[in-house]
Amino acid sequence: MDSTDRKLILLLQQDSRLPNAQLAERLNISASACWRRVKALEDAGVIARYSAIVNPDAMGLKFEAIVHVHLTRHDTEALGRFIAAVQRRDEVTECYATTGQADYHLRILCRDIEAYNEFLEKFLFVQPAVNSAQTNVVLRRIKSNAPVG
């Protein structure tokens, strides 16, 4: 990967809808060379997918939290069930298995605190592998969706 590939990746992260001709012009390369680079980056898995960045507030999702989940069970079957259940929930926008005190960290988006409480009571706390959870409410986003480069 060279500096042109890195600049191409940055441009696509800023606006993945840029036409190939505009990308090529900004990179000062031919349109065919640009297309080949994009295709090679896709084939190599560097570009995993294209998506839209949505404003949660505009979608009515006013409550955001980071939840630190502590498990009681760490066997393969219990973990598999927990992970599968988390993946099915729309409120969970991100989930990370990490080192440290908590086993998993979930980013949650809901319409309000009542919806979050329902998520806790009817979903998270009924998962057999879950021992406890600590919630940190997000007051404001400082940096998100930053380009990788």
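Roughly how many Å is it from the Cα centre of the range 1-16 to that of the range 78-149, as a whole number?
Centre-to-centre distance over Cα atoms comes out at 31 Å.
For Cα extents along the principal axes in Å, several values are listed as (1) 57, 36, 24; (2) 45, 35, 21; (3) 59, 29, 22; flag the one computed from this structure.
After the calculation, the listed value that fits is (1).
Among His105, Leu79, Gln134, which residue has its Cα furthest toward the positive end of the charge dipole of the range 57-137, with +1 on Lys/Arg Cβ and -1 on Asp/Glu Cβ?
Working it through, the farthest residue towards the positive pole turns out to be Leu79.
Could you put Leu124, Leu41 in order, starting from the residue whose Cβ has the fewest other Cβ atoms within 10 Å?
Leu41, Leu124
Leaving out same-chain residues fewer than 8 places away, which lysines sit with a Cα under 19 Å from that of Lys39?
Output for Lys39: Lys7.
At a Förster radius of 35 Å, what calculated FRET efficiency corresponds to the Cβ-Cβ distance of Ala31 and Ile53, to the nearest 0.05?
Numbers: r = 26 Å, r/R0 = 0.75.
Efficiency at R0 = 35 Å is approximately 0.85.
Over the range 1-123, what relative contact order in percent results from Cα pairs under 8 Å that are six or more residues apart?
Details: 103 pairs, mean separation 26.6, N = 123.
Taking the mean separation of contacting Cα pairs over the length of the range 1-123, I get 22 percent.
Quick one: dipole size for the chain, taken about the Cα centre, charges +1 on Lys/Arg Cβ and -1 on Asp/Glu Cβ, in debye to the nearest 20.
Numbers: 19 positive and 18 negative charges, 93 e Å.
The dipole of the chain has a size of about 440 debye.
Any read-out appearing in this document is the output of simple, stated calculations on the displayed coordinates, not a laboratory observation. It should be emphasised that the depicted structure is a prediction, and the values quoted were computed from it without experimental measurement. In this analysis, Cβ positions are derived from the backbone assuming ideal geometry, glycine residues included, and neighbour counts consider all displayed protein chains.
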